[in-house]
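Undergrad: Next up is a structure, given as structure tokens.
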Amino acid sequence: MMGFLRNLGSVRRGPAAVTMVAAAVFTAAIMIRAYAAAPAGDIPSGNVIQPQELAQALKSAQKPVVLYTGPEEFYAQAHIPGAENIGPAGKPEGMKKLRARAASLSKDMPVVIYCGCCPWDHCPNIRPAFAELKKLGFSKVRVLYLATSLGVDWKDKGFPVASGE
Amino acid sequence: MRSMARRIILVIAAAALAIGVYAGLERFAPRNPAMETSLPAIAASTNLRPLPHLSFTDINGSAVRTADYKGKVLLVNFWAAWCVPCADEVPQFIALKKKYGNQGLQVIGFSVEDDPRELRDFCHRHEVNYPVVPSDLRSADAFGGVLGLPTTFVIGRDGRIHGRHEGTTDFASLEKEVVAMLTAPQD
């Protein structure tokens, strides 16, 4: 590292430094713009859990709290066993219910939220739910990755479901 | 002193460059392998389940009876106006109905948990040319369960479910399927 710094210091010509600074500023500007164009509230990869991993976690002694944040009609048909029905977090009543439930949970408790109402990129519920739990200070929130739907990515793959309201 | 200042500038520039490259890789790389696609999934087994005779009421108060579609090829689309990919597909269902309606194609939309007023406004704005019915457990159950939107079923002239498309619809493939069913010899 020190050698690298010494080498940098030995660059005596102004144009080299100016070029490098300009390149860095240009690159950073492009990346900042790319981030600004990204959908608001996108979920970092570290906060995403795959179905297989959740299925395993549900068999363990320390199960995460699983919150379903999608349409009630789907929950009644099939849901992950033990999942609590919060309702669509993209709607005010769902968000209110999420906040009420969150108030009774410890902030360091592992929480998994899922929806699967529609393709992942377009789900109107998981992003607001995730953002809200993070805002409330939950440190172990993960979102179940369901690329197409709960039916395709969970039930049809043989993971367990329960039904009823 | 100037040398020190230059060194600091260069270190800052190098750090900014590194951060920029890292951010770019992080932003544009797939978040996980499975996230790359959300292609339409077509259920392997459609099992030719017969559509039960049921009666529903559409958003205009008209009765929609599955028995009335006997002898027609029917597309049943579970969707919602709040579901962006579903809403985007509606004009294509309208176009299919226009194109093949006189050959015997019918469409029914089952809307999942839409606000009734917003749903009516949406259908009016898009000039939806087929009945739209608020979905419930009974309608989902008639099709063997619906656990995600959009989901589209293809029902043959025999009244049986021949196809189930889950996720964003591949309309080129769906149209081929529709044409094949419309032109299939009838018993």
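The values are calculated or read from the model by the stated rules, or taken from the named source; none is laboratory data. Since the structure is predicted, the reported quantities are computational estimates derived from the model, not experimental observations. Neighbour counts run over all protein chains shown; Cβ positions are idealised from the backbone, glycine included. When the accessible area is computed, the model is the full protein with side chains, heavy atoms only, and any ligands, DNA or RNA have been set aside. Shrake-Rupley method; radii C 1.70, N 1.55, O 1.52, S 1.80 Å.
Undergrad: Restricting the search to the range A:40-82, which residues are among the basic types (Lys, Arg) and in a helix (DSSP H, G or I)?
TA: Hit for the range A:40-82 is A:Lys59, nothing else.
Undergrad: Name the single residue, out of those in the range A:123-165 being within 21 Å of A:Glu93 (Cβ to Cβ) and touching a Cys at 6+ places or on another chain (Cβ under 9 Å), that is most open to solvent (accessible area, probe 1.4 Å).
TA: Across the range A:123-165, the extreme among qualifying residues is A:Pro124.
Undergrad: Turning to a different aspect of this structure: Collect the residues in the range A:138-165 that are in a strand (DSSP E or B) and under 13 Å from A:Tyr68 (Cβ atoms), keeping them in residue-number order.
TA: Passing the criteria: A:Val143, A:Leu144, A:Ala162.
Undergrad: What is the residue count in the range A:124-137 for residues that are more than 8 Å from chain B (Cβ to nearest Cβ) and assigned to a loop (DSSP other than H, G, I, E, B)?
TA: So the answer is 3.
Undergrad: Something else: Residues of the range A:106-123 being farther than 20 Å from B:Cys86 by Cα and either of a type in the set (Asp, Glu) or within 14 Å of another protein chain (Cβ to nearest Cβ) (or both), which ones?
TA: Matches in the range A:106-123: A:Asp108 only.
Undergrad: Let me ask something else. Do you know which of the residues in the range B:131-174 that are acidic (Asp, Glu) and open to solvent by 50 Å² or more (accessible area, probe 1.4 Å) is modelled with the highest pLDDT?
TA: This residue is B:Asp170.
Undergrad: Right, here's the next one. Restricting the range B:175-185 to residues that are over 19 Å from the mean Cα position of the chain (by Cα) and open to solvent by less than 40 Å² (accessible area, probe 1.4 Å), which is nearest to the other protein chains (Cβ to nearest Cβ)?
TA: Looking at the filtered set, the residue picked out is B:Met181.
Undergrad: Can you tell me which of B:Thr66, B:Thr151 is of a type in the set (S, T, N, Q) and more than 14 Å from chain A (Cβ to nearest Cβ)?
TA: Only one candidate passes the filter, namely B:Thr66.
Undergrad: What is the residue count in the range A:138-162 for residues that are over 17 Å from the mean Cα position of the chain (by Cα) and more than 7 Å from every other protein chain (Cβ to nearest Cβ)?
TA: Result for the range A:138-162: 8.
Undergrad: Do we find that B:Gly61 is outside any helix (DSSP H, G or I), in contact (Cβ under 8 Å) with a residue 40 or more places away in the chain, out of contact with any Gly (no Cβ under 9 Å at 6 or more places or on another chain) and open to solvent by 30 Å² or more (accessible area, probe 1.4 Å) in this structure?
TA: Judged against the criteria, B:Gly61 is not a match.
Undergrad: Okay, next question. Tell me which residues, restricted to the range B:88-126, are small (Gly, Ala, Ser), under 19 Å from the mean Cα position of the chain (by Cα) and open to solvent by less than 20 Å² (accessible area, probe 1.4 Å).
TA: B:Gly109, B:Ser111
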